[in-house]
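The values are calculated or read from the model by the stated rules, or taken from the named source; none is laboratory data. Keep in mind that this is a model prediction, so the values were computed, not measured. Reconstructed Cβ throughout: ideal geometry from the backbone, glycine too, with neighbour counts over all protein chains shown.
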Amino acid sequence: MSTENEPTNRSEEPREARARFTVGQIVDHVRFGYRGVIFDVDPIFCGTEEWYEQVARSSPPRDAPWYHVMPDQSEHTTYVAERHLIIATDTSELQHPLLTELLSGYEGGQYSPKGGVQ
């Protein structure tokens with residue numbers, strides 16, 4: 001399973017930005033048209049400058065929330081700026097090999113964070 005679309009530098013510093021989405025929520029990526037589930041939230045961009053320059057070509061804001069997403073019917077994960085996500089209209093269960101490792105339970109159109117952590 002590849003995580004090549006994930007940045008490698010994650011900081012533990014306090015952040016101010018407020019996230020619109022939560023862990024376990026099913027979202028649609030508006031630019032690339034895939035559906036996925038959020039498994040982690042960074043209140044601001046936590047990747048490297050090199051990753052941002054190579055992958056974030058639309059130059060989304062770094063001081064707004066970024067999300068770690070498991071795309072449906074895929075084996076990789078993605079790191080997505082908040083402005084590229086909307087609440088999914090299809091909130092049925094997803095298929096991803098990491099789903100049961102990173103999240104638990106599905107009910108009411110969303111997944112529960114493992115251990116109740118958000």
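Once region 43-93 is narrowed to residues that are among the hydroxyl-bearing types (Ser, Thr, Tyr) and surrounded by 15 or more Cβ atoms within 10 Å (Cβ to Cβ), the residue that is nearest to the chain's Cα centre (by Cα) is Tyr67.
Hey, could you check region 94-117 for residues that are touching a Ser or Thr at 6+ places or on another chain (Cβ under 6 Å) and at pLDDT below 95 and say which is surrounded by the fewest Cβ atoms within 10 Å (Cβ to Cβ)? Selected residue: Gly105.
Which residue pairs have Cβ atoms closer than 9 Å, lie 6 or more positions apart in sequence or on different chains, and pair a first residue in region 99-112 that is within 18 Å of Thr89 (Cα to Cα) and in contact (Cβ under 8 Å) with a residue 60 or more places away in the chain with a second residue that is aromatic (Phe, Trp, Tyr) and assigned to a strand (DSSP E or B)? Filtered contacts from region 99-112: Tyr111/Phe39. Here Met70 meets the list (1) of a type outside the set (Gly, Ala, Ser); (2) in contact with a strand residue (DSSP E or B) (Cβ under 7 Å, 6 or more places away or on another chain); (3) farther than 14 Å from Val41 by Cβ almost entirely, failing just condition (3). Put simply, of Ile87, Ile38, Ile44, Ile26 the only residue that is touching a Lys or Arg at 6+ places or on another chain (Cβ under 6 Å) and either under 23 Å from Lys114 (Cα atoms) or modelled with pLDDT of 95 or more (or both) is Ile44. Please specify each residue of region 30-58 satisfying the condition of being outside any strand (DSSP E or B) and small (Gly, Ala, Ser). Within region 30-58, Gly33, Gly47, Ala56, Ser58 meet the criteria. Looking at region 61-71, is at least one residue farther than 20 Å from Gln110 by Cα, among the charged types (D, E, K, R) and out of contact with any Lys or Arg (no Cβ under 7 Å at 6 or more places or on another chain)? For region 61-71, residues farther than 20 Å from Gln110 by Cα, among the charged types (D, E, K, R) and out of contact with any Lys or Arg (no Cβ under 7 Å at 6 or more places or on another chain): present.
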